[in-house]
Amino acid sequence: MYQISDKASLLLAKLEAFMDEHIYPNEHNYEAQLAGATSRFNRVPLMDELTAKAREAGLWNLFIAPDHAHYSDHGGLSFLDYSALAEVMGRVIWSPEVFNCNAPDTGNMEVFMNFGTEAQKAQWLEPLLAGEIRSSYAMTEPQVASSDATNVQLEIKRDGDEWVLNGRKWFITGAMYERCQIFIVMGKSDPNNESRHLQQSQVLVPKGTPGLEIVRPLTTLGYDDAPIGHAELRFVNVRVPYDNLLLGEGRGFEIAQSRLAPGRMHHCMRLVGAAQRSLELACQRVTERETFGRALEKHQSIRENIARSYSEVEMIRLLVQKTCWSIDNNGVKDSIPLISATKSTVPLMVQNIIDRCMQMFGAGGLTADWGMAEQFNYARWCRQADGPDEVHQMALGKKIIQRYATPQS
């Protein structure tokens, strides 16, 4: 029903071939290099080799939309087109970086494309597009419920031709990475504004700016997501030039809303790939093991769980595709109900699918040998990232009630 373009079909074939030739055979090599690094957050040498191959193959910056085609070698892809490619990349948790399509950099690049000045684009967007540096987006804070973005308390105060930042942030993805060079930071610049949605601004803070302290790396269910990682940050009288402001004073919430909607969809696209691969691994596993004198595949409970998982993978893929089609044809604003439905459904369903597949591997499913445990962790933290399930369900429920409360003739 949701057909990708001929251009995307060609790229998809190239991407699948690239995964077969360069990604899957290197999964254990990547993990070994990461484990042997002097720091968990240093660039893995294999990544440099693979990114060079991806660029040579024309599989670079695939996330770029047609609106920004001039930044792309392939002319830009629709959301629906990109969903098919992102699903394939999602089969191996670290592979999106190979194609310069990893979070949070894709979202940050889109922020620079949409809201950056020409000087900001030259300084930060161009090296990000080239994969020379990495970036972070600093919004979530430990002392407030950041599910309500208007709650952020980090102070952004103007002092002459500078901004002064004071406050804390945490779970800032990418901050630990040695190649992270720039932070997009959201805070309160006008706390007394009558509109809660005009109190925030976003400013650019280069890594290494005096007063910006990386307090510690953070883990989720014990995973540090190295080498990209997540961190707690402290800002103590951090000073940056006034020109480091994005878009304008009081427009931070507007930027956040623009950035997070596509990011939510990118996570869900990748999670479909994680679920699909887990299902495939489980099907292989149950043909190789026996219990009580019978192959695992012969047991009714195994077949039921495989069938349920297959059905759910098909459901979430269709939901992602429908939402992407809506964004392409109706725009983000009119697609918010579907985006909320996708964001609050896909991570939880993928979590359950992977859990079933892990169970079929016995204790081995809990190890790093097959990658499912880390993908489970990814699905679980996606239920918090970019807005927790409950916030999306609350907003979606309100819209659906309004839509159907008046009987249709």
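The values are calculated or read from the model by the stated rules, or taken from the named source; none is laboratory data. Note that the structure is a prediction, hence the values are computed from the model and not measured. Positions of Cβ are backbone-derived with ideal geometry, glycine not excepted, and every protein chain shown enters the neighbour counts.
Within the stretch 317-333, identify whether any single residue is small (Gly, Ala, Ser), assigned to a loop (DSSP other than H, G, I, E, B) and out of contact with any helix residue (DSSP H, G or I) (no Cβ under 8 Å at 6 or more places or on another chain), and answer yes or no.
Residues of the stretch 317-333 small (Gly, Ala, Ser): 326, 331.
The next check asks that each one be assigned to a loop (DSSP other than H, G, I, E, B); those that pass are 331.
Cutting the leftovers down to out of contact with any helix residue (DSSP H, G or I) (no Cβ under 8 Å at 6 or more places or on another chain) gives us 331.
Yes; the residues of the stretch 317-333 include at least one that is small (Gly, Ala, Ser), assigned to a loop (DSSP other than H, G, I, E, B) and out of contact with any helix residue (DSSP H, G or I) (no Cβ under 8 Å at 6 or more places or on another chain).
Can you find a residue that is at pLDDT 95 or above, under 30 Å from Glu27 (Cβ atoms) and not in a helix (DSSP H, G or I) anywhere in the stretch 103-117?
Yes, the stretch 103-117 has at least one match.
If you scan the stretch 179-230, which residues turn out to be among the aliphatic types (A, V, I, L, M), closer than 18 Å to Leu245 by Cα and part of a strand (DSSP E or B)?
If the condition is that a residue be among the aliphatic types (A, V, I, L, M), closer than 18 Å to Leu245 by Cα and part of a strand (DSSP E or B), then Ile182, Ile184, Val185, Met186, Val203, Leu204, Val205, Leu212 are the ones that fit.
Yes or no, residue by residue, for (1) in the same structural domain as Ala373 (by TED's automatic domain parsing); (2) under 23 Å from Gly362 (Cα atoms); (3) part of a helix (DSSP H, G or I):
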{"position": "Gly263", "(1), (2), (3)": "yes, no, yes"}
{"position": "His266", "(1), (2), (3)": "yes, no, yes"}
{"position": "Glu288", "(1), (2), (3)": "yes, yes, no"}
{"position": "Ile302", "(1), (2), (3)": "yes, yes, yes"}
{"position": "Ser309", "(1), (2), (3)": "yes, yes, yes"}
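Residues to consider are Trp94, Trp60; find the one that is outside the structural domain of Arg270 (by TED's automatic domain parsing) and crowded, with 22+ Cβ neighbours inside 10 Å.
Step by step, each of Trp94, Trp60 is checked, and only Trp94 is outside the structural domain of Arg270 (by TED's automatic domain parsing) and crowded, with 22+ Cβ neighbours inside 10 Å.
Okay, residues lined up against (1) touching a residue at least 60 places away in the same chain (Cβ under 8 Å); (2) within 22 Å of Cys382 (Cα to Cα):
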| residue | (1), (2) |
| --- | --- |
| Leu246 | yes, no |
| Phe253 | yes, yes |
| Leu260 | yes, yes |
| Gly263 | yes, yes |
| Arg270 | yes, yes |
| Gly273 | yes, yes |
| Ser278 | yes, yes |
| Cys283 | no, no |
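Does Ala226 meet the test of being small (Gly, Ala, Ser), closer than 24 Å to Val98 by Cα, in contact (Cβ under 8 Å) with a residue 12 or more places away in the chain and not assigned by TED's automatic domain parsing to the domain that holds Trp381?
So Ala226 passes the test.
Of all residues in the stretch 67-92, how many are farther than 15 Å from Cys268 by Cβ, at pLDDT 95 or above and touching a Lys or Arg at 6+ places or on another chain (Cβ under 9 Å)?
3
Could you please let me know if Leu271 is in the same structural domain as Gly331 (by TED's automatic domain parsing) and either touching a helix residue (DSSP H, G or I) at 6+ places or on another chain (Cβ under 9 Å) or crowded, with 16+ Cβ neighbours inside 10 Å (or both)?
So Leu271 passes the test.
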